[in-house]
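Below is one structure, written out as structure tokens, with a few remarks after it.
The values are calculated or read from the model by the stated rules, or taken from the named source; none is laboratory data. Computed from a predicted structure; not experimentally measured. Quick reminder, even Gly has a Cβ in these numbers, built from the backbone with ideal geometry, and neighbours come from all protein chains shown.
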Amino acid sequence: MSPLLVSMRGIVKTFGAVRALRRVDLDVGHGEIVGLVGDNAAGKSTLMKVLSGVCAADAGEILIAGAPARLASPMDARAAGIEMVYQDFALVPELSVTQNIFLGREVTRELLGFRFLNQPAMARAASELFARLGLRAPAVDTPVRTLSGGQQQAVAIARAIAFDARLVIMDEPTASLGATAITKVRETIGRLKAHGVAVIVISHRLEDVLTTADRVVVMKHGRVVGTRAVADTAAEEVLHMIIAGNDPRRPAPPHVSA
Amino acid sequence: MPSSVALKGAADRRQLDRARVAVFAVRYGLFLALGLWMVAMTLASEHFLSWLNFLNVFRQTAPVVVVAVGMTLVMATAGIDLSVGSLVALVSVLAAAGLRADLPAWAVIAAVLVLGTVVGLINGVFVRLGLPAFVVTLAALTYLRGIAFVASDGYAVPIASDGFLWFGRGELIGIHVPILLAAVVALVGYLLLNKTRFGLYALAVGGREEAARAMGIDVGRIKLAVYAGVGLLAALGGIIATARLGNGSPNAGIMFELDVITATVLGGTSLFGGYATVGGSVAGALFINFVRNGLNLLGVNPFWVQVVTGVILLLAVLINTVVNRRVAEWARLAGAEPEPGGAEDQA
């Protein structure tokens with residue numbers, strides 16, 4: 001088995017005249033938590049869109065557990081065990097917690113040759129899921145729109161890991177939450193790691209990354225500026241890399257060698 | 001939250017009770033109104049409460065129910081179809097022409113059902129492209145009736161085929177065929193909406209299209225399907241209405257779309273998508289027709305009946321949007337709708 005869960009190699013993406021990603025490399029180990037930081041328009045979100053199958057790269061390749069993968073759609077990415085927790089959660093407000101968790105992957109049963117939703121089975125599985133994650137379960141039949149921001153976040157995370165995810169990408173997971181909910185999210189990320197799930201956290205909040213991640217990757221202008229083990233760096237150094245766009249310890253290896 | 005409940009004073013509890021009543025009234029108001037109207041009409045007219053009168057209303061309601069079931073699924077996706085009335089006219093004219101040319105009734109029926117589905121698909125293609133459903137189907141409303149007039153030269157054609165007329169006047173196992181068809185369509189629509197992937201995806205598309213797309217749902221295909229479905233059902237509704245009247249007319253189904261939309265909105269299906277109820281649409285259709293029937297029995301000038309129908313639509317939209325949202329908000333603040341899941345944010 002490859003020591004790396006995901007290895008992105010020489011990823012290039014342009015939008016018209018804008019070069020959003022200029023030969024980006026990114027590695028994620030099994031069960032590793034990687035913080036991806038950088039200014040606006042650094043290319044973080046675009047890189048994650050490529051990895052989650054939302055948009056296709058112009059060049060470069062993605063290896064998953066050592067094997068080349070084609071991620072042409074979110075379904076492909078999910079089949080490969082890569083899940084995305086969107087910044088706006090991508091939940092349907094009118095649908096229930098259970099319906100949202102299973103949306104696109106419903107449990108069905110056959111009756112007289114027709115396929116019907118197996119609602120009791122999904123409700124049970126959703127409740128169990130929350131218990132397993134140690135998240136306080138909202139009543140799984142309530143519409144998501146009645147939940148608080150933190151609870152919606154919990155539903156989005158539960159959905160991401162309900163189906164044997166190996167890597168969960170979180171786009172600004174704390175952007176729209178209050179202080180206690182932020183603590184909750186950080187705990188959840190730790191719990192995912194304990195379950196052997198790798199996490200990529202995109203965040204503006206350096207604090208999020210330094211308290212949860214194993215490693216931080218800094219991007220600017222569509223390039224990776226540098227990468228550090230969190231234990232081996234401090235906020236000032238990361239901040240310098242974000243703002244100045246260069247690595248003060250150069251020549252350092254651009255990423256953890258495989 | 002046991003402590004907060006214990007701390008709630010009597011005033012709070014009264015507020016809570018009022019909020020519960022308000023939520024109940026908004027959710028089941030239509031059924032209450034229907035019940036009240038029927039009691040009032042029973043008292044006001046000796047002809048109202050009779051099997052014959054009820055059967056009459058049910059048969060009039062049948063085509064509205066059939067098409068409203070399709071409209072419910074369209075509205076679930078946050079769409080609308082204004083062209084169903086004109087499609088009824090086109091189906092009516094072409095069915096009469098086909099029967100006049102001595103085509104067998106089954107072939108005529110199959111052909112107009114296919115035609116309705118194709119017309120719906122055409123609407124769906126444009127909606128999928130991102131055009132507003134309102135404009136796409138308003139255009140169809142206009143050109144479909146135009147085609148109906150061109151095809152018939154403006155004349156109504158009588159229908160003599162017993163096989164065809166059976167769909168509007170016949171009986172099966174002692175039940176009138178239109179009523180039976182409406183019941184079957186409503187049942188199938190209920191199962192589709194509430195118990196299948198298709199219905200769930202329609203609600204997801206209407207609730208938040210971007211989320212549906214992110215979860216891998218083929219949004220375009222769902223939209224095509226709901227418009228094709230309402231087209232098929234409008235054709236079936238057209239067959240029933242035409243067979244009941246016994247002639248094919250380019251003037252059939254004028255303002256029929258308004259009845260269908262009023263029934264659906266009155267039933268509680270959200271105009272903005274994401275929430276839909278087939279049972280509500282059936283009750284809405286019955287409500288409109290019982291109100292009309294009552295006004296007729298009371299000898300009210302038929303021109304006023306149209307005024308009343310318009311006012312009902314306006315009230316339905318008012319309740320569907322503003323009132324519904326305010327009451328839900330208020331009830332949540334008062335605690336009538338349990339804040340689900342326990343307060344993780346306060347933990």
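Quick notes
- Candidate set from the range B:254-307 (those that are within 14 Å of another protein chain (Cβ to nearest Cβ) and among the hydrophobic types (A, V, I, L, M, F, W, C)); member that is surrounded by the most Cβ atoms within 10 Å (Cβ to Cβ): B:276
- Out of B:205, B:185, B:177, sole residue that is farther than 30 Å from residue B:248 by Cα and surrounded by 16 or more Cβ atoms within 10 Å (Cβ to Cβ): B:205
- Pairs linking a residue in the range B:298-319 that is free of Cβ contacts under 8 Å to residues at least 40 places away in the same chain to a residue that is in a helix (DSSP H, G or I), with Cβ atoms under 6 Å and 6 or more positions apart or on different chains, are B:305/B:292; B:305/B:295.
- Only residues that are more than 7 Å from chain A (Cβ to nearest Cβ), part of a helix (DSSP H, G or I) and not basic (Lys, Arg) were counted across the range B:211-228, and they come to 8.
- Per the conditions (1) closer than 30 Å to residue A:244 by Cβ; (2) part of a loop (DSSP other than H, G, I, E, B); (3) at pLDDT 90 or above, the sole criterion not satisfied by residue A:62 is (2).
- Within the range B:192-203, tally of residues that are within 7 Å of chain A (Cβ to nearest Cβ) and either free of Cβ contacts under 8 Å to residues at least 24 places away in the same chain or not in a helix (DSSP H, G or I) (or both): 4
- Residue in the range A:133-154 that is among the charged types (D, E, K, R), more than 10 Å from every other protein chain (Cβ to nearest Cβ) and either farther than 25 Å from residue A:34 by Cβ or touching a Gly at 6+ places or on another chain (Cβ under 8 Å) (or both) present: no
- When residue B:196 is tested against (1) under 21 Å from the mean Cα position of the chain (by Cα); (2) crowded, with 19+ Cβ neighbours inside 10 Å; (3) among the hydroxyl-bearing types (Ser, Thr, Tyr), exactly one condition is not met: (2).
- Test: residue in the range A:208-225 that is surrounded by fewer than 18 Cβ atoms within 10 Å (Cβ to Cβ) and at pLDDT below 85: no
- Cβ pairs under 9 Å, 6+ apart, first in the range B:35-47 and free of Cβ contacts under 8 Å to residues at least 12 places away in the same chain, second not in a helix (DSSP H, G or I): B:42/B:48; B:42/B:49
- Whenever a residue of the range B:214-242 is in contact (Cβ under 8 Å) with a residue 12 or more places away in the chain, its partners that are part of a helix (DSSP H, G or I) and of a type in the set (Asp, Glu), lying with C-beta atoms within less than 6 angstrom and at least six residues away or across chains, give the pairs B:219/B:209.
- Some residue of the range B:163-171 being in contact (Cβ under 8 Å) with a residue 24 or more places away in the chain and closer than 25 Å to residue B:261 by Cα: yes
- Hits in the range A:68-102 (condition: within 8 Å of another protein chain (Cβ to nearest Cβ) and assigned to a strand (DSSP E or B)): A:84
- Single residue of A:126, A:156 found to be buried (at least 18 other Cβ atoms within 10 Å of the Cβ), part of a helix (DSSP H, G or I) and either β-branched (Val, Ile, Thr) or in contact (Cβ under 8 Å) with a residue 60 or more places away in the chain (or both): A:156
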